Structure formats: C-alpha cells, structure tokens
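Structure, as structure tokens:
The values are calculated or read from the model by the stated rules, or taken from the named source; none is laboratory data. Only a predicted model underlies this, so the values are computations on that prediction, with no experimental measurement involved. Glycine gets a Cβ as well: all are built from the backbone with ideal geometry, and neighbour counts include every protein chain shown. We work out accessible area using only protein heavy atoms, side chains counted, and drop any ligands, DNA or RNA first. Shrake-Rupley method; radii C 1.70, N 1.55, O 1.52, S 1.80 Å.
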Amino acid sequence: MPQVWRNEALRIALLLALIAVGVSASGILVRVDHLLFDVGQRLNWRPTPSPVLIVAIDEDSLDQLGRWPWPRERHARLLRLLCAARPAAIGLDIAFSEPGDDLRADRQLAEAVAACGNVVLPLVIEVTRSGGQLLESPPIRTLAAAAAGIGRIGVRLDEDGIARSVDLREGLGSATWPLLAEEVLRVARQLPAAAVPTAAAADAARQQAAAAPAEASHHLVRQELRRLSFAGPPGTLPRVPYVSLLQGRLQPEVFSGRIVLIGATATGLGDFVPTPVSANSQPMPGVEVLGNVILAMRDGHLIRDLSPLPALLLTALLATVPMLWLPRLMPLPGLLLSTAWLVGMGLACALLPVFCNWWLAPSGALLAGVFAFPVWGWRRLEAARRHLDQELRQLRAILPASRGGGAADEIGRLGFEQRIALVQTAQQTMQALAAERNETLAFISHDLRAPLASAVSQLEIAGGADARRLLPQLRRALGMAQSFLWLARAEALDARQMRPLDLAFLLHQAVDEMYALARQRELRLRREIPDEVVWVVGDFEAIERSAINLLDNALRHAPAGSEVAIGLQRLAAGELRFWVDNEGAAPSAEQRERMFRRFSRGETVQHGAGAGLGLYFVRTVAERHGGAAGVDAAAGRIRFWVELPAAVDAAPEGRGLDV
C-alpha cells in the first residue's frame, strides 16, 4: 500500500479509536451493551440444576391456606417438617423485620429456626415511607439470635429497570452486609473461596465506615459488583408448593442434602423483578433470582466487568481492526467483511461472559465499526475527487469549453457526476486519438513496407554494384517498417479475440524459422521444450514473433561457434515461462532498465541492425497477455524470458486451435 494510504489508514484508525473510547467512557450507548449481554444470557441456558429447590408460596397455597400474610406459627411448623428431611441449608426469603401480633408465634418461629441450626434470614435495605430515607431492616432480635446467618436480599436494577447484577457487599455508611446467597452457601459449606471478597476489600470497607461522618450513615455504599449468569428463564429452578410440604404430601428425600429456599412466587405478592432471561416480559420471582445467585456463586459463574483502563484499551484496539482490510479490499468485499466483523464482534462479546465470566461493553467498538466503512469510503471518494480534478486540469486542453474544459477554477464547482462525465469525454477523445495514431502508424508502415519490399526485390534481381550499395539501407528501412507494423498490431491486441494454442508447438515453429540464420552464424540451437501439449490463451502470431525476436537477438549477439538455447517451463504459481539464452556478459543495471524500452538498442549491436523495437515488442505482447518479460544473467550467459498465464490442459470443446 502506498505511503499516503498508510498514513490515511493510521489517521482513520486513530479517529475510530477515539470514537470507541469516547462512547464507552460516556456510557451513552449503555442500552446496546445491556441488549448484547441479554442476548448472551439467553444463549446460555443450562440444564435444570438440582442443588436448589424452591418451596413456593404460590397461588395454590394461597387458595388453600388463606390470604397473605400467614401466621408465623405456620412457618414454624413448616420449618420443623423441612428440617426433619435434613437439607443442606434453608434460605427464608421472607422479611421478619417487625414483631408480629402474636408474641407466642414469634417465639415458636425463633425456636424452630434455632432447632434447625441451618436457617438463614434476610436483611432488607429499604426506603422509609416518610422522607425517603434509607433504612437497614434486619430480622427481629429473637429471630436474628436464632438464625445461622443473616444476609442481604436485593439486586441492582440497571437504567432500563432490568436486574442483571448484584453487589457482594452493601450497607449504609459502609459495605458490610453480605448477600443472603453467600450466607446460605456458607451455612451449606458450599461457598468457594474465590466468591468471597478479598481481605483488602473488607479492610477498605471498615476504614471507610470508620472515617465516614455521622450524616453519611444513611448513604448506601456498594462494593464488588458482579453480573449474574442465569440458569434459564423464570420457572427453570424446581419448585414444590408450600401447602404440599405443610400437608406432608412430599417425601423427605426430596429435600435431603439440598439448598431449600422459601419464598413467594404468586403474582399478587409483588416480589418480582425483570431479568435478561424473562421470556415475553415475564418477570422472575425474587426467590428464584436468589436461587440463580446461589448457583452462579457456587459454580463460579458470577461475571466480572473488565477494569476501566484495560476495557478502554481493548475497545480502542477492536475499533481499529477494520483498517486491516479496508485499505486492501474493493468496496463490496470490504463492506461484507466489515459487516461480518460487526456481527462476529457483537456475538463474541455477548458470549464472553458465558465462556470466561468476564464482560466487556462493546458498544463503543461497535459504533466505531459502523463508522469504519463510511469514513474510509468518504476518504476514498475524496481521493478519487482530487484525482479527477487533477486529471481534468491536465486534460482540459482537449475538452470542449461547453463541457467544463475552459477554466481550471470551473472544475471545482462541478458535481461528482459531472466530473466523471468529463473524464469519460476526455477518455473517449483520447481513445479516438490513440486509434487514429495506430491507424496512421499501421498505414505508414504498410505503405512504406510495400514499395521498399518491391525495391529490394528488384535490386536483388538486377544485381550490380549499385544494388550491393543500396540493398543494406533498403533492407534496414524495410525491417524498420515491418517492426512498426508488428508493434502496431501488438498494441492493438484484444483479449476477447485470443484463442487457446499449443505454446510448445509455437516455439518449435519459431526455432525452425530461425534455423537458417543459426547455420549462417555458425551457431548451435538447443531446444528444452517439453514433448507434451502446453496450453495458453493468446495470439499465435504475436507470441511467435516474440519468440523469433528473442532468438534473433540471441543469434546476433552470441559469439560464433557458441550455443543458443530456447526452453519452456512451468512455474509454481500457475505461470508458463519460455526463455532464450546465449553466451554474453551480464548487462549493467542501467542496461537492464532500458532494454525493454522503445527504440532501445544494445551497445554491441552491429551497424545496420533494427530500430530498437524488438524487445519493446516482446514486453508489449507479454503484458497484453497478462504476463511479463525480463532478463537474467548468470555464469557467463544472458537469458531473456517471457511469462504467460497457463491455460487448462485441454482444448475447449467446439473451438479450433490457432496453430
């Protein structure tokens, strides 16, 4: 890629990185991030887990046992039945932050909790009705003393009202309260060490609490944010009705060794939150959210956000990736690949929490990816416009004034379509001039060649001193006219008129035509041409003339008594190369540079030789066939070669061969 485009690509990459970082840091597209996170969660549904079982206060239980709230001695009786089945831990997702109407029932419930020894009770951080002040509401004192642990319930709602994350530590004035899920796992002895906040985080919370002023005691402090990995949509975790357990219709083995959660699932009780996996906008009961938190914490599936600095650096890097291919591809492939990159990056970021338990907000990189193709296309259009303007200024001499070819400043006021139309007009004019030039050249070459050939023929018949003196000059002029004629034909070659031909046969025929000159020069001709058919698509006469020119050049420069070789070989890249070499000194770099130019002649060419169009003709023919021509030298020999694209090793059906 040219230096100017490399610099342009670097500037656009920097712009895309700045866009991505700015969008990610500002959070203006946070809803896009939430959407992709939710997509990943919906693709991450796991088989129904068995360690957690919900005892549901459902509609059926309410119908049979009466409306809520129920007497606390009923909860005490249920706990005694449940504890007899020996569950690993019991999480009671019911707030008992105020004494009941019956103190004897409160005492019975406390005795049942104490007798179980593995019951965890909730603490609620809520807003008071008067003044909107935050308040920590733990269980009443008798229950708190009997409980095996106390944990905070609640999730963090995002801007769109969806519950996607929890804080491992939270509290008023200091982040001291753990989650109810953590306490349940601790009591069940299933809490991984990695799920507990580090000692440094706990020390920071204590120092913050000690340094906080008195008025900050009602300020909510959160630490250790984690995103949730849900097991599935609402209803995924197994449930049994409260009333079925209370009436003894369930076997004790159902609860043995499992984590049992008791909470409301009836829609009328209001303990529901929307989640990323809520199908058809169906919210999830709070007790089931608690179960998902327990499973994610137990299995190590809580999701961390990347730290801000690494996240911004990675976002900037992802934003610049399209510049790896946009400068190298045409618009349509670039657009398709950029679109595939956007889809792939979005899907990869959505699934990153599934496989790595890390989250990277991709909205900044996605927006930069959306801008990448339009920005690069705009810069390409600007470059095309500048090129058109430059070409128009150079070509305005041949453009009619009525088409904008008069003054240079008029070009800047033209529309893009008008500029293209002017270039097309100039191109058509140039093609017409080029065609006239070729016709004139061919006409002159033919008209010169015919009388010169006639004069040479008559002088050869007449003989005499005058003939011997004039013939060399006339033959040279005849050769020049013939060279111009061949060159005009080569420059007018049309790929649509080329046909399959046998290159090996063509080279043999060229060698046969030059055999007489080789004998005259006392030179040996050696062939290294394969016996099988070697197909190319091209113009037979033009390629044969190229081979003859190379042989003629070698025969005229090779020392007398030496050997001239011609060969044909296949290259690894699907190319064919035929070559002619002879003894000779290696050309200098300057000579190599000008050998294939028009009217270029070697320093050792004898007086009276051609006009310097032979090698230029060879190069022109090679390029018209999609190939190339060149020269190499080694070990005292100089080799001229022509490379052509190989064709299929069979003649097309129904098409004759030009041999």
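Numerical summary
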quantity	calculated
Segment 478-522 versus segment 568-588: alpha-carbon centroid distance in Å	17
Solvent exposure, largest accessible area first (probe 1.4 Å, DNA, RNA and ligands not counted), of CYS356, CYS116	CYS356, CYS116
Approximate spin-label separation GLN133-ARG496, in nm, with each point projected 7 Å along Cα-to-Cβ	9.1
Order by protection proxy (mean Cβ within 10 Å, highest first), peptides 235-248, 164-177	164-177, 235-248
Solvent exposure ordering (accessible area, 1.4 Å, most first) of PHE371, PHE640	PHE371, PHE640
Distant-in-sequence amide H partners of LEU123 (H built 1.01 Å from N, under 5 Å)	GLY151, ARG152, ILE153
Long-range amide H partners of ARG637 with built H, under 5 Å	GLY584
Gain upon complete extension [ALA516, VAL39; 0.36 nm per residue less C-alpha separation]	163.6 nm
From phi via Karplus (6.51, -1.76, 1.60), per-residue ³J(HN,Hα) for segment 17-26 in Hz, x at Gly/Pro	5, 5, 4, 5, 5, x, 5, 5, 5, 7
Charge context of GLU224, other residues only, Cβ under 12 angstrom, K/R +1, D/E -1	+2
Unit charges on C-beta of K, R, D, E only; dipole of segment 20-140, Debye	300
Pairwise FRET efficiency - GLN251 versus ASP299, Cβ, R0 = 30 Å, nearest 0.05	0.65
Contour excess over end-to-end distance, with Cα ends at GLU541 and ARG77 and 0.36 nm allotted per residue	156.3 nm
Segment 147-202 and segment 337-355: distance between their alpha carbon centers, rounded to Å	31
Using a Förster distance of 56 Å, the FRET efficiency for PHE505-SER26 (Cβ separation, nearest 0.05)	0.20
Accessible area, probe 1.4 Å, largest first, for residues ASP63, ASP158, ASP271	ASP63, ASP271, ASP158
Charge context of ALA9, other residues only, Cβ under 15 angstrom, K/R +1, D/E -1	+3
Where chymotrypsin sites (Phe, Trp or Tyr not before Pro) fall in DSSP loop in segment 1-104, at most 14 other Cβ within 10 Å	TRP45
Two-site FRET efficiency, ARG328 against HIS219, from Cβ-Cβ distance with R₀ of 45 Å, rounded to 0.05	0.20
Two-site label geometry, GLU590 and ARG67: point separation in nm, points 7 Å out along Cα→Cβ	11.0
Dipole magnitude of segment 99-169, debye to nearest 20 (Cβ charges: Lys/Arg +1, Asp/Glu -1, about Cα centre)	220
